[in-house]
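Student: Can you read through this structure? Questions will come right after.
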Amino acid sequence: MDKSFLVKKVGMEEQVNPSDTSLLGDGAFIKELIEKLVCRWEHSNPSLLEQLQAIVQQHLFLMYPFQFPITDTELWSEAYSKWLSQMYGEFWRDNPDINQQELIEAIKFIEKIEQAQQNYLL
């Protein structure tokens, strides 16, 4: 379909033309994010990695055709890792190279998407 229409989803809205929209998970951003998560957790906590990958994929599905609001994969790797680790009650030491305000905003975004997903399942 080569016609634009308004999509409203999880608090976001945008004019979208399906013929100009990439396939779900097809972009360089998501591949780089998954790569960073794999490098970070593959050897130290493969179970956490598996869960992180599943959560990211679920969030992508829920957000489609929208993208993450910030395109810094290092930020999102940190945010998803911190968010899930803290859900398990683990102590988290923030990476000083990550902007803390952006990290807080990214985690709020993750929680918003997670809440939307939970509401969708009800």
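Student: Run the dipole for the chain about the Cα centre, Lys and Arg Cβ at +1, Asp and Glu Cβ at -1, nothing else charged, and hand back the magnitude in debye, nearest 20.
Tutor: Dipole size: approximately 340 debye.
Student: Which trypsin sites (Lys or Arg not before Pro) in the stretch 49-122 pass both tests, a DSSP loop state and at most 16 other beta-carbon atoms within 10 Å? Please list the in-between numbers first.
Tutor: Details: sites: K82, R93, K108, K112; in loops: R93.
Here the sparse-neighbourhood loop sites are R93.
Student: Among the GluC sites (Glu not before Pro) within the stretch 18-92, which fall in a DSSP loop and have no more than 15 other Cβ atoms within 10 Å of their own Cβ?
Tutor: On the way: sites: E32, E35, E42, E50, E74, E78, E90; in loops: E42, E90.
Filter output for the stretch 18-92: E42, E90.
Student: Order F68, F29, most accessible first, counting only protein heavy atoms with a 1.4 angstrom probe.
Tutor: Ranked list, largest accessible area first: F29, F68.
Student: For the stretch 19-59, give the percent of accessible area contributed by carbon and sulfur heavy atoms, probe 1.4 Å, rounded to a whole number.
Tutor: Ligands and nucleic acids excluded, carbon and sulfur reach 50 percent.
Student: Extending each Cα 7 Å along its Cβ direction at E90 and H43, get the distance between those two points in nm, one decimal.
Tutor: With each label point 7 Å from Cα toward Cβ, the separation is 1.6 nm.
Student: Among (1) -0.33, -1.32; (2) -0.34, -1.10; (3) -0.40, -1.21, which one is log10 I(q)/I(0) by the Debye sum over Cα atoms at q = 0.10, 0.21 Å⁻¹ computed from these coordinates?
Tutor: (1)
Student: On to the next question. From the phi angles alone, apply the Karplus equation (6.51, -1.76, 1.60; θ = phi - 60°) to the stretch 7-22 and give each ³J(HN,Hα) in whole Hz, x where the residue is Gly or Pro.
Tutor: Values per residue, Gly and Pro as x: 10, 10, 7, 6, x, 10, 8, 6, 6, 10, 10, x, 6, 9, 9, 6 Hz.
Student: Kindly provide the helix-only [θ] at 222 nm of the chain, computed as the sum of -39,500 (n - 2.57) over DSSP H runs of four or more divided by all residues, to the nearest 500 deg cm²/dmol?
Tutor: Working: 4 runs with 69 residues, N = 122.
Mean residue ellipticity, 222 nm, calculated: -19000 deg cm²/dmol.
The values are calculated or read from the model by the stated rules, or taken from the named source; none is laboratory data. Source: prediction; values computed, not measured. Because the Cβ atoms are built from the backbone with ideal geometry, glycine has one as well, and the counts that use them run over all protein chains shown. The protein model used for the area step is the full one, side chains on, heavy atoms only, and it has no ligands, DNA or RNA in it. Shrake-Rupley method; radii C 1.70, N 1.55, O 1.52, S 1.80 Å.
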